[in-house]
1. Where does each of 446-452, 91-97 land if you order them by average Cβ count within 10 Å, highest first?
2. Under 1.5 on a/c is rounded, so check that first for the stretch 18-146, then, if it is not, pick prolate when a/b is larger than b/c and oblate when it is not; a ≥ b ≥ c are the square roots of the alpha carbon gyration tensor eigenvalues.
3. Just order 431-439, 249-257 by mean Cβ neighbour count inside 10 Å, highest at the front, would you?
4. Could you tell me which chymotrypsin sites (Phe, Trp or Tyr not before Pro) in the stretch 7-70 are loop residues by DSSP with no more than 15 other beta carbons within 10 angstrom of their beta carbon?
5. Any chance you could run the full-extension gain for MET192 through GLU446? It's 0.36 nm times the residue separation minus the Cα-Cα distance, nm to one decimal.
6. So how exposed is VAL487, as accessible area in Å² (1.4 Å probe, rounded to 10)?
7. Once label points are set 7 Å from the Cα along Cα→Cβ at both LEU24 and ALA358, what is their separation, rounded to one decimal in nm?
8. Could you give the C-alpha radius of gyration of the stretch 5-93 expressed as a fraction of 2.2 N^0.38 Å, taking N as the number of residues it contains?
Amino acid sequence: MPHDVSLIALLAAGFGLAMLFGYLASLLKMSPLVGYLLAGIVIGPGTPGFVGDVALAQQLAEIGVMLLMFGVGLHFSLGDLLAVRKIALPGAIVQITVATLLGGALALLWGWNMGAALVFGLALSVASTVVLLRALEGRGLVETLNGRIAIGWLVVEDLVMVVVLVLLPPVAALLGGTHAAGGADVWSTLGMTFVKVAAFIALMLVVGKRVFPRVLWLVARTGSRELFTLCMIAAAVGVAYGAAKLFDVSFALGAFFAGMMLRESEFSRRAADETLPLRDAFSVLFFISVGMLFDPRVLVDAPLRVIEAAAVVLVGKTLAAIALVLAFRYPLNTALTVGAGLAQIGEFSFILAGLGHALGLLSADGLSLILAVALISIALNTLVFATIEPALAWIRRHSAFARRLEARDDPLAALPVSTPPTHLTGQVVIVGYGRVGARIAQALDERGIAYVVVEQNRETVEKLRADGVAAVSGDAVEPIVLVQAHVARAGMLVVTLPDAFDVRQIVDTSRTLNPSLEVALCTNSADEAELLGRDGIGTVFMAETELAHGMTEHVLARMGGGGEGDEEQQRRRAMAAH
């Protein structure tokens, strides 16, 4: 019987070359992503030798996007999304508008018509989901405030692009394309799009939030690991496909909401771990598929245009995003992280450019130009992220404007004048108001102990103040933020942040202001706990150690062995952390 081995050939050549070039890129101190892109170029139609099936590669890449967004949804609750809505929603819309105007104006200067300029500008305005998430995951930023803002920003961008993709065909004729449609069709299509998207989100929130965790629990009861993994894949791919077919929602957005609903289950952490190998493998195929679409001849035929378009993405979009985040009074490190994450384009850009080409709005040269910019911006994105910390340190040290920016009048950056004296002397300063910080604050409230919260999320600070809690908005790495929390006269500092580098800076600054300050830290890493404890930074608590102590106490109490006294328990915890 005849055999079609195009899939096997693509996987063998793609994975093999990606591993080789990725390894070489790592040796050269570059991101492995550059190697994956190069592997795609080698097996693409733009270079001689073996040519993989481009259409097949794109479908496999779509699966990678689905699984990756599904994994993000497993770590990203609806509450996280709503917590950053005040910056993600207006920020994404304004940034898309600015980038579209910049890209469109550039295309008009080249002599393109209005339709081509619009498609080109929109294609440059939307960032790649896969690239951003890989960058955030590689730096452990997915579950931080900066990561949540960037992901929320990206979700809004995806929703906007869904509307654009639906509206583009009806208006193509008005923009000089080949598709014929009247003005009435535009408004009816827009209305139908909003109805479909709203119906999908409502279905996920009302039905999915109840059904998905229940199904996952039933499957987990079977004890079958492969059935549990299969359930995850079926949920991610099935919901994504159904969302696209029934509601005209992108695959990525459908998978993201499926993951968010499954996060309500107690097995969500296991689900994330089980699907991690598949997410990694298929995300590599995404970068290979990008490389396969690239035609190197565009670098020879129009090098100046490639540079100009890349500047819009790498400079124009980045500066726009940074300015917007700063305008919302978020710290400089948040602005730089979001700006770096959006300094690239990807999958939605390809879809939009392909649709524009099919509608007669965008030429083949324009399509190649967008792919070239995508390749360059993706390859350079790791370098852009790597410059954040050095740039941040240099700006804070040499830029008077940056210092004025961080010292600007902000009602949330200092405690209100009505703050009780008990919160200004001998209080506990809690840095980070996540799950751990909130539990500590609740325990302090129950015992009548005064505390001040330091948190970067402005919406959280606003809510805490509305509830009568003393809170300061800002990055605790900045000395002025700790000064505003009155750490110089505090009785204790509690840092719940995961980044060991930031923790050290916060503790060093606090000890400079208050040498006798007692410090408590938490970490998820045994290595970090050992290092922090060895350096005498403070009393270090590790999640696994605390869980073991809690379970031991429960077992001893239930079995009649009695629990350890408070002093002995604290001594054992401190020893385990050190």
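1. Final packing ranking: 91-97, 446-452.
2. Values: a/c = 1.98, a/b = 1.10, b/c = 1.81.
Oblate, since a/c reaches 1.5 and b/c is not below a/b.
3. Final packing ranking: 249-257, 431-439.
4. Values: sites: PHE15, PHE21, TYR23, TYR36, PHE50, PHE70; in loops: PHE50.
Counting only loop positions with at most 15 other Cβ atoms within 10 Å, the chymotrypsin sites (Phe, Trp or Tyr not before Pro) in the stretch 7-70 are PHE50.
5. 86.3 nm
6. 0
7. Output for this residue pair reads 3.6 nm.
8. 1.47
The values are calculated or read from the model by the stated rules, or taken from the named source; none is laboratory data. In this text, all values refer to a predicted model and were calculated from it rather than measured experimentally. Backbone-built Cβ (ideal geometry, glycine too); neighbour counts: all protein chains shown. Ligands, DNA and RNA are excluded from the accessible area calculation, which covers all protein heavy atoms including side chains. Shrake-Rupley method; radii C 1.70, N 1.55, O 1.52, S 1.80 Å.
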